[in-house]
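The values are calculated or read from the model by the stated rules, or taken from the named source; none is laboratory data. Everything quoted here is computed from the prediction, not taken from an experiment. No Cβ is skipped: glycine too gets one built from the backbone with ideal geometry, and neighbour counts run over all protein chains shown. For accessibility, only protein heavy atoms count, side chains too; no ligands or nucleic acids. Shrake-Rupley method; radii C 1.70, N 1.55, O 1.52, S 1.80 Å.
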Amino acid sequence: MASSIREFEYTHADFDVLRKISRQYSGILVPDDKFDMFYSRLAKRIRLLGLSSFKEYCQYLTDHPDTEFTEFINAVTTNLTAFFRENHHFEYLSSTVVPELLKKKAGVKQVKIWSAGCSTGEEPYSLAITLKERLPADWDIKILATDLDTNVLATAASGVYSEERVTGIAEQRLKRWFQKGSGRQANKVRVRAELRQLITFRQLNLMQEWPMRGGFDAIFCRNVLIYFDRETKAMLAERYAGLLDTGACLFIGHSESLHQLDTAFDPIGNTIYRKARK
């Protein structure tokens with residue numbers, strides 16, 4: 001799209017400033033091919049602020065980082081997810097991790113899992129369903145779900161989805177864990193309170209301090225590492241390891257790898273890693 005037909009003046013210099021800010025605050029690398037995407041995602045924000053160019057927006061973002069950075073990140077991040085996406089991870093959780101936890105934690109009867117980069121919530125709800133279906137009723141399930149984007153977190157916390165979002169879920173499971181909407185909520189479903197109460201949703205910038213102090217039995221950080229450079233990936237893997245016991249699992253996305261990184265994890269196949277050492 002030529003700049004002459006754009007509503008707002010937008011140059012590669014503006015794009016470079018914006019992606020530098022993105023990396024500085026969030027660690028997210030923005031490749032050259034996102035130039036047009038940045039325009040389409042941010043034009044609405046610039047219009048709302050009453051600005052006339054991307055150069056003005058760059059200055060506004062620099063001058064108001066506390067209030068505007070969240071809006072900026074919400075606009076430019078991509079949130080692609082689905083219930084039971086990359087289902088082999090949930091199958092492994094059910095068939096291997098849960099039986100191990102039943103033995104290992106029989107005394108405390110508590111499971112803690114972190115969904116890092118939870119987007120609109122399908123992943124943590126899929127985790128909750130998997131655990132509720134496999135663990136005895138007297139076990140305490142705690143799921144922490146975090147994301148940088150406050151908009152998707154609001155959707156996740158509500159637990160409301162269009163019916164088309166749950167078409168891939170088996171009918172029996174759908175009836176057990178979702179309520180069908182009516183009236184103004186027709187063609188929508190809501191995750192039952194029994195699952196919602198297991199999950200704590202929080203905003204978290206992975207590049208900043210993490211308030212949690214460990215004790216997780218598994219961490220799902222899928223399709224997040226792909227946004228970072230090698231050094232940042234290694235740093236995040238080290239921090240994840242610090243929150244996991246030896247033998248606990250880290251699950252990453254299908255296009256991601258810890259290959260050639262010096263980490264505390266050993267690969268066990270299908271983008272699943274076990275913490276091997278302190």
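Got at least one residue in the range 16-28 being of a type in the set (Gly, Ala, Ser), crowded, with 17+ Cβ neighbours inside 10 Å, in contact with a Ser or Thr (Cβ under 7 Å, 6 or more places away or on another chain) and more than 30 Å from ILE169 (Cβ to Cβ)? Yes; the residues of the range 16-28 include at least one that is of a type in the set (Gly, Ala, Ser), crowded, with 17+ Cβ neighbours inside 10 Å, in contact with a Ser or Thr (Cβ under 7 Å, 6 or more places away or on another chain) and more than 30 Å from ILE169 (Cβ to Cβ).
Within the set SER4, SER40, SER53, the sole residue that is open to solvent by 70 Å² or more (accessible area, probe 1.4 Å), modelled with pLDDT of 85 or more and either in contact with a Leu (Cβ under 9 Å, 6 or more places away or on another chain) or not hydrophobic (A, V, I, L, M, F, W, C) (or both) turns out to be SER40. Of all residue pairs spaced 6 or more apart or on separate chains, those with beta-carbon atoms under 6 Å, a first member in the range 109-137 that is at positive phi and a second member that is part of a helix (DSSP H, G or I) are SER119/VAL152; GLY121/ALA156.
For the range 228-250, the set of residues classified as over 23 Å from TYR125 (Cβ atoms) and aromatic (Phe, Trp, Tyr) consists of PHE228 only. Only one of the numbered conditions (1) of a type in the set (Ser, Thr, Tyr); (2) open to solvent by less than 20 Å² (accessible area, probe 1.4 Å); (3) part of a strand (DSSP E or B) is violated by THR263, and that is (3).
Report yes if GLY181 is open to solvent by less than 30 Å² (accessible area, probe 1.4 Å), over 21 Å from PRO31 (Cβ atoms) and more than 20 Å from the chain's Cα centre (by Cα), otherwise no. Against the criterion (open to solvent by less than 30 Å² (accessible area, probe 1.4 Å), over 21 Å from PRO31 (Cβ atoms) and more than 20 Å from the chain's Cα centre (by Cα)), GLY181 qualifies.
Tell me, yes or no, whether the range 92-106 has at least one residue that is hydrophobic (A, V, I, L, M, F, W, C), at negative phi and surrounded by fewer than 18 Cβ atoms within 10 Å (Cβ to Cβ).
Yes, the range 92-106 has at least one match.
On inspection, GLY117 qualifies as touching a Cys at 6+ places or on another chain (Cβ under 7 Å), closer than 26 Å to ALA248 by Cα and crowded, with 16+ Cβ neighbours inside 10 Å. No other residue among LEU135, LEU198 is closer than 30 Å to THR246 by Cα and open to solvent by 20 Å² or more (accessible area, probe 1.4 Å) apart from LEU198. In the range 191-210, the residues that are farther than 24 Å from PHE178 by Cβ form Cβ pairs under 7 Å with partners that are part of a strand (DSSP E or B) and among the acidic types (Asp, Glu), at six or more places apart or across chains, as follows: GLN203/ASP147.
Take LEU244 and tell me if it is crowded, with 18+ Cβ neighbours inside 10 Å, out of contact with any His (no Cβ under 9 Å at 6 or more places or on another chain) and at pLDDT below 95.
Against the criterion (crowded, with 18+ Cβ neighbours inside 10 Å, out of contact with any His (no Cβ under 9 Å at 6 or more places or on another chain) and at pLDDT below 95), LEU244 does not qualify.
Does ARG173 fit the bill of being more than 13 Å from the chain's Cα centre (by Cα) and either within 19 Å of ARG85 (Cβ to Cβ) or of a type in the set (A, V, I, L, M, F, W, C) (or both)? In short, yes. Filtering the range 219-238 for residues that are out of contact with any His (no Cβ under 8 Å at 6 or more places or on another chain), open to solvent by less than 30 Å² (accessible area, probe 1.4 Å) and closer than 30 Å to ARG176 by Cα leaves a non-empty set.
This table checks each residue for (1) open to solvent by less than 20 Å² (accessible area, probe 1.4 Å); (2) aliphatic (A, V, I, L, M); (3) out of contact with any Cys (no Cβ under 7 Å at 6 or more places or on another chain).
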{"site": "THR130", "(1), (2), (3)": "yes, no, yes"}
{"site": "ASP140", "(1), (2), (3)": "no, no, yes"}
{"site": "ALA145", "(1), (2), (3)": "yes, yes, no"}
{"site": "GLU163", "(1), (2), (3)": "no, no, yes"}
{"site": "ALA170", "(1), (2), (3)": "no, yes, yes"}
{"site": "VAL189", "(1), (2), (3)": "yes, yes, yes"}
{"site": "GLN208", "(1), (2), (3)": "no, no, yes"}
